[in-house]
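The block underneath contains the structure these notes are about, expressed in C-alpha coordinates.
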Amino acid sequence: MKDMANVVRKSRMVGEVPPVYPNGWFGLTESFQLKKSETKNIQVLGLQLALFRDEYGEAHAVDAYCPHLGANFAAGGRVVGDCIECPFHGWQFRGSDGKCTKIPYSENIPEIAKVKSYITKEINGWIYLWYHAEEGTEPYWMPPDIEEIQSGQWAYGGRSEHYINAHIEEVPENGADVQHLYNVHTPFMTAGIDLRHMWSTVWSFASHVWSAKWEAQKAPNEHIGVLNLTHKLQIFGKTITPIDLDVQANQIGPGIVYLEFSSFFGRGVYIQSVTPVEPLVQKLVHNVYIDRRLPTILSKFFMVSEAIQVERDIMIWNNKRYLNKPLFVKSAEDSLIGKHRRWYSQFYSEHSPRLKFQKDTIEW
Ligand code: FES
Ligand SMILES: [Fe+2]
(Lines give C-alpha, C1' and ligand atoms only; values in the text may rest on other atoms or scores of the structure.)
(Ligands and ions follow the chains in the order given, each with its own letter.)
Protein backbone atom coordinates (compact mmCIF):
# COMPACT_ATOMS: atom_id res chain seq x y z
CA MET A 1 0.00 0.00 0.00
CA LYS A 2 2.75 2.40 1.04
CA ASP A 3 4.87 1.64 -2.05
CA MET A 4 1.84 2.09 -4.27
CA ALA A 5 1.04 5.41 -2.66
CA ASN A 6 4.62 6.57 -3.19
CA VAL A 7 4.57 5.62 -6.87
CA VAL A 8 1.32 7.50 -7.35
CA ARG A 9 2.67 10.51 -5.48
CA LYS A 10 5.86 10.63 -7.55
CA SER A 11 4.25 10.26 -10.94
CA ARG A 12 1.49 12.68 -10.14
CA MET A 13 1.65 16.20 -11.53
CA VAL A 14 1.11 18.20 -8.42
CA GLY A 15 0.59 21.60 -9.91
CA GLU A 16 1.40 24.94 -8.35
CA VAL A 17 -0.16 24.53 -4.95
CA PRO A 18 -0.83 27.17 -2.31
CA PRO A 19 1.22 27.01 0.90
CA VAL A 20 0.82 23.57 2.42
CA TYR A 21 -0.04 24.39 6.05
CA PRO A 22 -2.71 27.05 6.54
CA ASN A 23 -3.11 28.96 9.81
CA GLY A 24 -5.85 27.94 12.22
CA TRP A 25 -7.17 25.26 14.55
CA PHE A 26 -6.57 21.64 13.53
CA GLY A 27 -7.81 18.39 15.01
CA LEU A 28 -4.99 16.36 16.58
CA THR A 29 -7.02 13.47 17.89
CA GLU A 30 -10.47 12.71 19.24
CA SER A 31 -10.70 13.11 23.02
CA PHE A 32 -11.52 9.46 23.65
CA GLN A 33 -8.25 8.42 22.00
CA LEU A 34 -6.16 10.03 24.74
CA LYS A 35 -6.67 8.59 28.20
CA LYS A 36 -5.48 10.13 31.45
CA SER A 37 -1.66 9.86 31.76
CA GLU A 38 -1.36 8.67 28.18
CA THR A 39 1.21 10.06 25.71
CA LYS A 40 0.99 10.01 21.92
CA ASN A 41 3.46 10.91 19.21
CA ILE A 42 1.70 13.05 16.62
CA GLN A 43 3.21 14.22 13.36
CA VAL A 44 1.17 16.88 11.61
CA LEU A 45 1.77 20.28 9.98
CA GLY A 46 5.51 19.62 9.84
CA LEU A 47 5.62 19.29 13.65
CA GLN A 48 6.75 16.41 15.85
CA LEU A 49 4.53 16.55 18.88
CA ALA A 50 4.20 14.69 22.13
CA LEU A 51 0.56 14.93 23.09
CA PHE A 52 -0.29 13.90 26.62
CA ARG A 53 -3.15 14.04 29.05
CA ASP A 54 -2.00 14.98 32.53
CA GLU A 55 -3.19 13.38 35.77
CA TYR A 56 -5.85 16.07 36.15
CA GLY A 57 -7.33 15.36 32.71
CA GLU A 58 -5.89 18.35 30.85
CA ALA A 59 -4.42 17.69 27.37
CA HIS A 60 -1.08 19.26 26.38
CA ALA A 61 0.97 19.30 23.19
CA VAL A 62 4.72 19.90 23.39
CA ASP A 63 7.61 19.45 20.99
CA ALA A 64 8.36 15.73 21.05
CA TYR A 65 12.13 16.18 21.38
CA CYS A 66 13.66 16.79 24.78
CA PRO A 67 15.94 19.87 24.77
CA HIS A 68 18.46 18.01 26.99
CA LEU A 69 19.71 15.36 24.59
CA GLY A 70 16.91 14.91 22.10
CA ALA A 71 14.98 11.88 23.32
CA ASN A 72 11.37 11.62 22.18
CA PHE A 73 8.98 12.18 25.10
CA ALA A 74 6.29 10.15 23.38
CA ALA A 75 8.53 7.08 23.17
CA GLY A 76 8.44 5.99 26.78
CA GLY A 77 7.87 9.29 28.54
CA ARG A 78 5.79 9.19 31.73
CA VAL A 79 3.13 11.63 32.86
CA VAL A 80 3.80 12.99 36.35
CA GLY A 81 1.18 15.42 37.67
CA ASP A 82 0.84 18.07 34.96
CA CYS A 83 4.29 17.30 33.51
CA ILE A 84 5.86 14.91 31.06
CA GLU A 85 8.98 13.11 32.23
CA CYS A 86 11.63 12.34 29.64
CA PRO A 87 12.41 8.62 29.38
CA PHE A 88 16.16 9.23 28.91
CA HIS A 89 17.37 11.12 32.02
CA GLY A 90 14.17 11.93 33.85
CA TRP A 91 13.87 15.68 33.29
CA GLN A 92 10.29 16.87 33.80
CA PHE A 93 8.53 19.53 31.73
CA ARG A 94 5.22 21.23 32.48
CA GLY A 95 2.60 20.79 29.75
CA SER A 96 1.02 24.23 30.02
CA ASP A 97 4.16 26.31 29.37
CA GLY A 98 6.90 23.76 28.66
CA LYS A 99 9.06 24.85 31.62
CA CYS A 100 11.45 22.29 33.09
CA THR A 101 10.36 21.66 36.67
CA LYS A 102 12.79 18.94 37.71
CA ILE A 103 16.23 17.61 36.83
CA PRO A 104 16.76 14.56 39.04
CA TYR A 105 20.54 15.08 39.44
CA SER A 106 20.74 18.88 39.57
CA GLU A 107 19.39 21.39 42.10
CA ASN A 108 19.78 24.13 39.60
CA ILE A 109 17.31 24.31 36.70
CA PRO A 110 18.50 26.75 34.04
CA GLU A 111 15.98 29.39 32.95
CA ILE A 112 16.32 28.26 29.33
CA ALA A 113 15.45 24.63 30.12
CA LYS A 114 12.15 24.68 28.26
CA VAL A 115 10.37 22.76 25.59
CA LYS A 116 8.02 24.45 23.16
CA SER A 117 4.43 24.05 24.30
CA TYR A 118 1.54 24.56 21.87
CA ILE A 119 -1.88 26.10 22.38
CA THR A 120 -4.60 23.45 22.45
CA LYS A 121 -8.31 23.45 23.09
CA GLU A 122 -10.50 20.48 23.81
CA ILE A 123 -14.07 20.81 22.65
CA ASN A 124 -16.81 18.75 20.99
CA GLY A 125 -14.88 15.51 21.48
CA TRP A 126 -11.68 16.80 19.85
CA ILE A 127 -8.29 18.06 20.90
CA TYR A 128 -7.49 20.96 18.59
CA LEU A 129 -4.12 22.59 18.05
CA TRP A 130 -3.57 26.24 17.14
CA TYR A 131 -1.09 26.43 14.27
CA HIS A 132 0.24 29.73 12.94
CA ALA A 133 3.21 30.21 10.63
CA GLU A 134 3.97 33.64 12.13
CA GLU A 135 5.71 32.78 15.40
CA GLY A 136 3.83 33.89 18.49
CA THR A 137 0.49 34.69 16.83
CA GLU A 138 -2.23 34.00 19.40
CA PRO A 139 -5.60 32.56 18.35
CA TYR A 140 -7.93 35.26 17.02
CA TRP A 141 -10.92 32.95 16.71
CA MET A 142 -12.03 29.76 18.46
CA PRO A 143 -13.81 26.58 17.43
CA PRO A 144 -17.34 27.09 18.80
CA ASP A 145 -19.24 24.92 21.25
CA ILE A 146 -21.84 22.59 19.87
CA GLU A 147 -24.40 23.02 22.61
CA GLU A 148 -26.25 19.76 21.99
CA ILE A 149 -23.00 17.81 22.38
CA GLN A 150 -21.93 19.64 25.51
CA SER A 151 -25.36 19.10 27.09
CA GLY A 152 -25.46 15.43 26.11
CA GLN A 153 -28.60 15.87 24.01
CA TRP A 154 -26.79 14.41 21.02
CA ALA A 155 -24.83 11.17 21.42
CA TYR A 156 -21.67 10.04 19.64
CA GLY A 157 -22.59 7.58 16.90
CA GLY A 158 -19.34 6.55 15.22
CA ARG A 159 -16.41 7.68 13.14
CA SER A 160 -14.70 7.24 9.79
CA GLU A 161 -11.08 7.96 8.92
CA HIS A 162 -9.48 8.49 5.51
CA TYR A 163 -6.06 9.53 4.24
CA ILE A 164 -6.07 11.69 1.14
CA ASN A 165 -3.28 12.48 -1.28
CA ALA A 166 -4.05 16.08 -2.12
CA HIS A 167 -3.51 19.65 -1.00
CA ILE A 168 -5.66 20.49 2.04
CA GLU A 169 -7.58 23.23 0.23
CA GLU A 170 -9.11 20.70 -2.18
CA VAL A 171 -11.23 19.31 0.64
CA PRO A 172 -13.04 22.47 1.81
CA GLU A 173 -13.22 23.77 -1.77
CA ASN A 174 -15.61 20.90 -2.41
CA GLY A 175 -18.14 22.71 -0.24
CA ALA A 176 -18.31 25.66 -2.60
CA ASP A 177 -18.26 23.47 -5.70
CA VAL A 178 -21.98 23.03 -6.19
CA GLN A 179 -21.85 21.53 -9.66
CA HIS A 180 -19.84 18.49 -8.56
CA LEU A 181 -22.73 17.53 -6.29
CA TYR A 182 -24.58 16.49 -9.42
CA ASN A 183 -21.71 14.66 -11.13
CA VAL A 184 -20.20 12.97 -8.10
CA HIS A 185 -22.99 12.59 -5.58
CA THR A 186 -26.16 11.85 -7.57
CA PRO A 187 -25.98 8.05 -7.92
CA PHE A 188 -27.68 6.29 -5.02
CA MET A 189 -25.31 5.35 -2.19
CA THR A 190 -25.63 1.63 -2.92
CA ALA A 191 -24.17 2.29 -6.40
CA GLY A 192 -20.81 2.49 -4.66
CA ILE A 193 -17.78 4.72 -4.70
CA ASP A 194 -16.19 3.92 -8.06
CA LEU A 195 -16.83 6.90 -10.33
CA ARG A 196 -16.36 4.70 -13.39
CA HIS A 197 -19.28 2.42 -12.63
CA MET A 198 -21.65 4.17 -10.27
CA TRP A 199 -23.96 5.54 -12.99
CA SER A 200 -24.55 2.17 -14.62
CA THR A 201 -25.67 -0.06 -11.82
CA VAL A 202 -28.97 -1.71 -11.02
CA TRP A 203 -29.47 1.14 -8.59
CA SER A 204 -29.98 3.75 -11.28
CA PHE A 205 -33.71 3.98 -10.47
CA ALA A 206 -32.77 5.84 -7.28
CA SER A 207 -30.80 9.05 -7.03
CA HIS A 208 -29.80 11.82 -4.67
CA VAL A 209 -30.85 15.31 -5.64
CA TRP A 210 -28.91 18.21 -4.14
CA SER A 211 -29.22 21.94 -4.16
CA ALA A 212 -26.66 24.12 -2.52
CA LYS A 213 -25.37 27.59 -1.85
CA TRP A 214 -22.14 28.72 -0.26
CA GLU A 215 -21.37 32.00 1.43
CA ALA A 216 -18.58 33.49 3.51
CA GLN A 217 -19.58 35.08 6.80
CA LYS A 218 -18.96 38.72 7.60
CA ALA A 219 -16.63 40.06 10.31
CA PRO A 220 -16.04 39.04 13.08
CA ASN A 221 -16.84 35.60 11.64
CA GLU A 222 -14.92 35.96 8.40
CA HIS A 223 -13.14 32.69 9.21
CA ILE A 224 -16.45 30.86 8.69
CA GLY A 225 -17.90 29.78 5.36
CA VAL A 226 -21.42 28.40 5.25
CA LEU A 227 -22.75 25.81 2.85
CA ASN A 228 -26.52 25.31 2.82
CA LEU A 229 -27.56 22.09 1.26
CA THR A 230 -30.83 20.33 0.71
CA HIS A 231 -30.97 16.70 -0.17
CA LYS A 232 -33.85 14.69 -1.59
CA LEU A 233 -34.00 11.07 -2.49
CA GLN A 234 -35.79 10.23 -5.73
CA ILE A 235 -37.01 6.79 -6.69
CA PHE A 236 -38.29 6.43 -10.22
CA GLY A 237 -38.31 10.21 -10.37
CA LYS A 238 -40.48 10.58 -7.25
CA THR A 239 -39.25 12.27 -4.09
CA ILE A 240 -39.30 10.15 -0.95
CA THR A 241 -40.03 12.81 1.63
CA PRO A 242 -38.84 11.13 4.86
CA ILE A 243 -35.33 11.05 3.48
CA ASP A 244 -35.22 14.84 2.95
CA LEU A 245 -32.22 16.32 4.62
CA ASP A 246 -31.38 19.94 5.30
CA VAL A 247 -27.75 20.57 5.95
CA GLN A 248 -25.87 23.58 7.16
CA ALA A 249 -22.14 22.95 6.88
CA ASN A 250 -20.10 25.52 8.76
CA GLN A 251 -16.52 25.53 7.53
CA ILE A 252 -14.73 26.94 10.54
CA GLY A 253 -11.26 27.98 9.54
CA PRO A 254 -9.11 25.86 7.24
CA GLY A 255 -9.56 22.40 8.80
CA ILE A 256 -12.82 22.05 10.74
CA VAL A 257 -16.38 21.56 9.51
CA TYR A 258 -19.46 21.26 11.71
CA LEU A 259 -22.12 19.92 9.41
CA GLU A 260 -25.48 20.15 11.13
CA PHE A 261 -28.38 18.31 9.58
CA SER A 262 -32.04 17.99 10.25
CA SER A 263 -34.10 15.15 8.91
CA PHE A 264 -37.44 13.48 9.45
CA PHE A 265 -35.76 11.41 12.18
CA GLY A 266 -34.28 14.31 14.07
CA ARG A 267 -31.23 16.50 14.20
CA GLY A 268 -27.54 15.78 14.41
CA VAL A 269 -24.08 16.83 13.33
CA TYR A 270 -21.09 15.52 11.44
CA ILE A 271 -17.84 16.81 12.85
CA GLN A 272 -15.21 16.85 10.16
CA SER A 273 -11.53 17.36 10.73
CA VAL A 274 -8.90 17.64 8.02
CA THR A 275 -5.30 17.93 9.16
CA PRO A 276 -2.17 17.84 6.98
CA VAL A 277 0.12 15.00 8.05
CA GLU A 278 2.46 15.76 5.16
CA PRO A 279 2.39 18.61 2.65
CA LEU A 280 0.09 16.67 0.34
CA VAL A 281 -1.33 14.02 2.66
CA GLN A 282 -4.43 14.83 4.69
CA LYS A 283 -6.02 12.93 7.52
CA LEU A 284 -9.77 13.26 7.23
CA VAL A 285 -11.97 12.18 10.14
CA HIS A 286 -15.74 12.32 10.52
CA ASN A 287 -17.70 11.84 13.73
CA VAL A 288 -21.45 11.68 13.79
CA TYR A 289 -23.68 12.73 16.68
CA ILE A 290 -27.45 12.34 16.68
CA ASP A 291 -30.28 12.78 19.13
CA ARG A 292 -29.61 10.27 21.89
CA ARG A 293 -33.19 8.92 21.80
CA LEU A 294 -32.68 7.62 18.25
CA PRO A 295 -31.58 4.03 17.60
CA THR A 296 -27.86 3.35 17.04
CA ILE A 297 -28.58 1.83 13.65
CA LEU A 298 -29.58 5.28 12.42
CA SER A 299 -26.26 6.83 13.33
CA LYS A 300 -24.51 3.94 11.57
CA PHE A 301 -26.63 4.68 8.51
CA PHE A 302 -25.71 8.37 8.59
CA MET A 303 -22.05 7.41 9.01
CA VAL A 304 -22.02 4.98 6.10
CA SER A 305 -23.86 7.32 3.72
CA GLU A 306 -21.39 10.09 4.49
CA ALA A 307 -18.40 7.77 4.03
CA ILE A 308 -19.64 6.61 0.62
CA GLN A 309 -20.13 10.15 -0.62
CA VAL A 310 -16.72 11.22 0.70
CA GLU A 311 -14.98 8.25 -0.92
CA ARG A 312 -16.29 9.41 -4.28
CA ASP A 313 -14.68 12.80 -3.66
CA ILE A 314 -11.49 11.03 -2.60
CA MET A 315 -11.21 9.30 -5.97
CA ILE A 316 -11.19 12.77 -7.53
CA TRP A 317 -8.81 14.32 -4.98
CA ASN A 318 -6.31 11.45 -5.06
CA ASN A 319 -5.90 11.71 -8.80
CA LYS A 320 -6.40 15.35 -9.68
CA ARG A 321 -3.88 18.11 -10.14
CA TYR A 322 -4.21 21.42 -8.34
CA LEU A 323 -4.87 24.14 -10.85
CA ASN A 324 -3.67 27.52 -9.81
CA LYS A 325 -5.46 29.17 -12.70
CA PRO A 326 -8.53 27.07 -13.45
CA LEU A 327 -10.43 27.52 -16.68
CA PHE A 328 -13.64 28.95 -15.33
CA VAL A 329 -16.70 29.84 -17.37
CA LYS A 330 -18.93 32.78 -16.52
CA SER A 331 -21.40 31.06 -14.25
CA ALA A 332 -22.67 31.09 -10.70
CA GLU A 333 -21.14 27.63 -10.20
CA ASP A 334 -17.57 28.46 -11.18
CA SER A 335 -17.59 31.91 -9.63
CA LEU A 336 -18.35 30.33 -6.24
CA ILE A 337 -15.15 28.31 -6.47
CA GLY A 338 -13.21 31.51 -7.15
CA LYS A 339 -14.95 33.12 -4.21
CA HIS A 340 -13.99 30.21 -1.98
CA ARG A 341 -10.34 30.50 -3.03
CA ARG A 342 -10.26 34.18 -2.17
CA TRP A 343 -11.90 33.38 1.17
CA TYR A 344 -9.50 30.54 1.97
CA SER A 345 -6.42 32.66 1.18
CA GLN A 346 -6.94 34.45 4.53
CA PHE A 347 -5.43 31.34 6.15
CA TYR A 348 -2.05 31.79 4.49
CA SER A 349 0.53 34.28 5.65
CA GLU A 350 4.03 35.41 4.71
CA HIS A 351 5.85 32.49 6.32
CA SER A 352 3.34 29.74 5.53
CA PRO A 353 5.46 26.77 4.42
CA ARG A 354 5.51 25.99 0.74
CA LEU A 355 6.10 22.74 -1.06
CA LYS A 356 9.80 22.25 -1.75
CA PHE A 357 10.83 20.44 -4.86
CA GLN A 358 14.07 18.51 -4.74
CA LYS A 359 15.90 18.69 -8.06
CA ASP A 360 13.38 17.86 -10.72
CA THR A 361 11.68 14.93 -9.08
CA ILE A 362 8.47 15.40 -7.21
CA GLU A 363 9.62 14.56 -3.75
CA TRP A 364 9.41 16.32 -0.47
S1 FES B 1 17.21 13.57 26.75
FE2 FES B 1 15.56 14.08 27.94
S3 FES B 1 16.28 14.09 29.93
FE4 FES B 1 18.02 13.67 28.74
FE1 LIG C 1 -18.15 16.17 -2.58
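The values are calculated or read from the model by the stated rules, or taken from the named source; none is laboratory data. It should be emphasised that the depicted structure is a prediction, and the values quoted were computed from it without experimental measurement. As a convention, Cβ positions derive from the backbone with ideal geometry for all residues, glycine included, and neighbour counts pool all protein chains shown. Please note that ligands, DNA and RNA were not included when accessible areas were found on the heavy atoms of the full protein model with its side chains. Shrake-Rupley method; radii C 1.70, N 1.55, O 1.52, S 1.80 Å.
Assorted remarks:
- Among Arg53, Arg342, Arg159, the residue with the largest mean-square fluctuation in a Gaussian network model of the chain, with springs joining Cα atoms closer than 10 Å, is Arg342.
- The relative contact order of the chain comes to 21 percent, based on Cα pairs under 8 Å that sit 6 or more residues apart.
- Remark on region 133-176: hydrodynamic radius 14.7 angstrom, per the Kirkwood mean of 1/r across alpha carbon pairs.
- For His180, solvent-accessible area (1.4 Å; no DNA, RNA or ligand), Å²: 20
- Val80 long-range amide H proximity, modeled H, under 5 Å: Glu85
- For region 230-357, the carbon plus sulfur part of the accessible surface works out to 60%, probe radius 1.4 Å.
- Carbon + sulfur, % of accessible area of region 24-131 - ligands and nucleic acids excluded, 1.4 Å: 49
- Its Kirkwood hydrodynamic radius, worked out from the mean inverse distance over all distinct Cα pairs, puts the chain at 22.3 Å.
- Semi-axis lengths, largest first, of the ellipsoid equivalent to region 152-347 are 25, 21, 17 Å, with √(5λ) applied to each eigenvalue of the Cα gyration tensor.
- Segments 183-190, 329-336 sorted - mean Cβ within 10 Å per residue, highest first: 183-190, 329-336
- Per residue, region 24-131 exposes an accessible area of 44 Å² to a 1.4 Å probe, with every protein chain left in place.
- The Rg/Rh ratio of region 24-131, with Rg taken over Cα atoms and Rh as the Kirkwood radius over Cα pairs, comes to 0.96.
- Greater than 20 Å apart at Cα, pairs in Lys213/Lys339; Lys35/Lys121; Lys40/Lys283; Lys114/Lys283: Lys114/Lys283
- For Arg354, Arg312, the ranking by accessible surface with the largest value first comes to Arg354, Arg312, using a 1.4 Å probe.
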